[in-house]
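Right, one structure below, let's go through it.
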Amino acid sequence: MAADVSLHGFVQGNYSRDTKTENPDGGDYKLSEERVQLKLEGTADPFRLFIKGDAFHDNIDKHSIVELREGYADYTSEKWDVRIGRQVITWGVGDLLFINDVFPKDFEAFFSGRPMEYLKKGIDGVKLGLYPGRVNFEIIATPYFEPNNYPDPNRFWMFDPMAGRTNRETQDPYRDLHEAETALRMYRDVAGFDTSLYYYRGFSRQPSMMPDDPIAPTKLTLFYPELSVYGASVQGRALDGVLSLETGYYDSRQDRHGADPMIPNSQMRYLIGYQRQLWEDFTLGLQYYGEYLQEYSAYVQNLPPGFPQEKRLHQIASVRITQFLMHQTMRFSFFALYGLSDGDYLLNPEVKYNLTDSIWVAIGGNVFGGDKLWSQFGQFAKDDNVYSQLRYEY
Amino acid sequence: MNRIYVFVLLLLLPLNALAITADEAMKKSQAAFLYPGADLKARVMMKLISKGGQERVREMMMLRKNYGQLGGEQKYFMYFFQPADVRNMTFMVYKYPGKDADRWLFVPAINMVRRIAAQDKRSSFVGSDFTYEDISGRNLEDDAHAIVKEEKIGTYDCTVIKSTPKAAEMEYSYKLSWIDKASYLPIKEEYYDKKGELYRVFSADEIKDVKGHPTITKRSMKNLLSGHMTEVSFLKADYNVGIEDSLFTERYLKQPPKRWIE
């Protein structure tokens, strides 16, 4: 049994400068770092080992960090396989709009102009794949909960309903196997459409805030409320393009009646996407997305004074256009998310050019706005930035 | 009167026979070019060469399996070795005669499988001078075929066939194909634009016998307008290697089996 080992990776510079105003802490950069990534792969059938590690120097905080992005072992059999370790899992059919992709994300990376792969964080767990025939299964168990990463308040201006309360502590979900996260995906082809059913039982990856005293809080506890998601998606060729549909029911298990203002209401989420090539190397993608609050009257009744009131139906539309030029070595892309309910937006234009087969450079921008300073993208109105990525890959 | 009928029939017959032969020749050419063997495993090197001589390299393993009859459904599985930024990416195509293909791309950096919206007729394959249609074939019924002449190219005795698209959507007004009478492989193809000017040339630069199938192991496509060209070589090629149906699934798109990509 001969092992086959390969080593690849990249060296990268990544910088993002404010264009509107300085950061809350006075800095001018959202991001400034140099990074090295190594990808080590060893295969000796039926086993495979993969390690992806980054080392980077952050020029803003002036420190260097080594992180394991992924590190897992695979075992592959004819009808099943298993992957154990830190791994990235991507589910669902949305383009930057997530329903059944309940896995951890790094929104700071996305908003400050890192390459797209940094939006996804790995989970530490086990994934079992079963392929008995008609239906395929992916079963995921994660003993240790991993939250989303939100923008750093030193670098991003954000809305905080309890901005004055700085005495905060974070409470992790119970760290025992009894409360491990579990996720299941069943999928197969149905009449030419890729069809999936999803189930997730775990926790919201966005923290909720619990004040010690609702009238005059002195301390806030950040915690991750229990959440289950039941969903489905289909994707296939239709109308001379690719049509995507996805839905999910977000069962907020700690607040099923919607009476606790600190815990998100249960929601129905849905998404319709359509992608089509209009001419050579030009693709248009459109999406419509909605979140419908299940217990709206309870939510309104219990909302503390001074808190912004969400609409019952929160809707977002998105556009993505991509044009390749010069034998697909240059890519112009433009992505926009527009909040139909709140009138807020995120615009992300980008140009990427492969100078050679191993060196590419990308320059882009993130522009945020909206009237309501508490809305999803409007809160980042002062965080507009221009970013650059330069990578040598081998 | 009857004699005149017979005379007219005799006049028409060779023409009809020729017309059938053009369709037949194209059918045989498609079979020899795109359908040999039950399946194919080929390590493919593509060189994209600019007018100024700058080269870009795309290297991939291409696995193809035939389903049904000649000219019928095919499935393609491609694994990319080069360039570095697409290394480990896989690409899968279900090709159907007479309708657009289904395409999936796997992006390893985020462990994501996505459908790709692309139309065969006007999509460049990985930025090369070959379109998807050049790689996996064009529906023969979309063109009217006629034999123009017979001509020798090098050592190959060829039938020259003119194929005119029936719909006006194509960027070329007609194509000339030099089909080798022995192997039925296309030795040369010329594409003419709407003004009737030659702008794109395909040529088979090396033909080898692989398991009894004459196979174009080196080919090129040159765009005369831009001066850009693409050279494709099969570094290794083999037929009837026993590719399982299960390879063409999301499971293996995400984890390409080692034995199929080495």
Quarter of Cα convex hull surface for region A:64-156, i.e. mean projection, nm²: 7.8
Electrostatic dipole magnitude of the protein assembly as shown [Cβ: Lys, Arg +1; Asp, Glu -1; Cα centre; debye, to 20]: 1780
Structure shown: which of B:K175/B:K218; B:K75/B:K194; A:K121/A:K382; A:K62/A:K352 lie over 23 Å apart, alpha-carbon to alpha-carbon? B:K75/B:K194; A:K121/A:K382; A:K62/A:K352
Relative pair counts by distance (%), Cα atoms of chain B, 5 Å bins: 1, 5, 11, 16, 18, 17, 12, 8, 4, 2, 2, 1, 1, 0, 0, 0
Calculate the tail of P(r) for region A:266-394: the fraction of all Cα-Cα distances greater than 19 Å, expressed in %. 63
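May I ask you to derive the relative contact order of chain B, considering only C-alpha pairs under 8 Å and at least 6 residues apart, and to give it as an integer percent? Walk me through the numbers before you get to the answer.
Working: 541 pairs, mean separation 52.5, N = 262.
Dividing the mean separation by the residue count of chain B yields 20 percent.
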Which of the listed residues, A:I65, A:Y230, A:A44, is farthest toward the dipole's positive end in chain A, when Lys, Arg count +1 and Asp, Glu count -1 at the beta-carbon? A:Y230
Mean projected area, convex hull of alpha-carbon positions in region A:1-51, reported to one decimal in nm², is 5.2
Run down the aspartates and glutamates and flag those whose C-alpha is under 12 Å from the C-alpha of B:K47, throwing out any fewer than 8 positions away in its chain. A:D357, B:E55, B:E59, B:D129, B:E231
From the residues A:S333, A:G306, A:Y118, which one has its Cα farthest along the dipole of region A:4-393 in the positive direction, the dipole being from +1 and -1 charges on Cβ of Lys/Arg and Asp/Glu about the Cα centre? A:S333
Work out the length of the dipole vector of region B:2-261 about its Cα centre, built from +1 on the beta-carbon of each Lys and Arg and -1 on the beta-carbon of each Asp and Glu, and round it to the nearest 20 debye. 540
Net dipole in debye of region A:4-393 [+1 Lys, Arg Cβ; -1 Asp, Glu Cβ; about Cα centre; nearest 20]: 480
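If you average over every viewing direction, what projected area does the convex hull of the Cα atoms of region A:38-115 give, in nm²?
It is 7.1 nm².
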Chain A - Kirkwood radius from inverse mean 1/r over Cα pairs (Å): 23.0
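Take the cross-link list A:K120/B:K41; A:K30/B:K254; B:K27/B:K51; A:K20/A:K311; B:K166/B:K195 and give me the ones stretching past 25 Å between alpha-carbons.
A:K120/B:K41; A:K30/B:K254; B:K27/B:K51; A:K20/A:K311
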Spatially proximal aspartates and glutamates relative to B:K211 (Cα-Cα < 13 Å; intrachain offsets below 8 disregarded): B:D39, B:D238
The value for region A:1-91 (convex hull of the alpha-carbon atoms, volume per residue, Å³) is 128
I'd like to know which of A:L197, B:Q54, A:Y292 lies farthest towards the positive end of the charge dipole of the protein assembly as shown, counting +1 on Cβ of Lys and Arg and -1 on Cβ of Asp and Glu. B:Q54
With DSSP loop assignment and no more than 16 other C-beta atoms within 10 Å, the trypsin sites (Lys or Arg not before Pro) in region B:161-262 are B:K166, B:K181, B:K194, B:K195, B:K211
Can you run phi through the Karplus equation (6.51, -1.76, 1.60; θ = phi - 60°) for region A:65-70 and list ³J(HN,Hα) in whole Hz, with x for Gly and Pro? 9, 10, 9, 8, 6, 9
Note down the relative contact order for region A:4-393 as a percent, whole number, built from C-alpha pairs under 8 angstrom at least six residues apart. 13
Could you give the alpha-carbon Rg of region A:186-279 over 2.2 N^0.38 Å, rounded to two decimals? 1.53
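Read-outs throughout are calculated quantities, based only on the coordinates presented, and are distinct from any laboratory measurement. What you see is a predicted model, and the numbers here were worked out from it, not measured in a lab. No Cβ is skipped: glycine too gets one built from the backbone with ideal geometry, and neighbour counts run over all protein chains shown.
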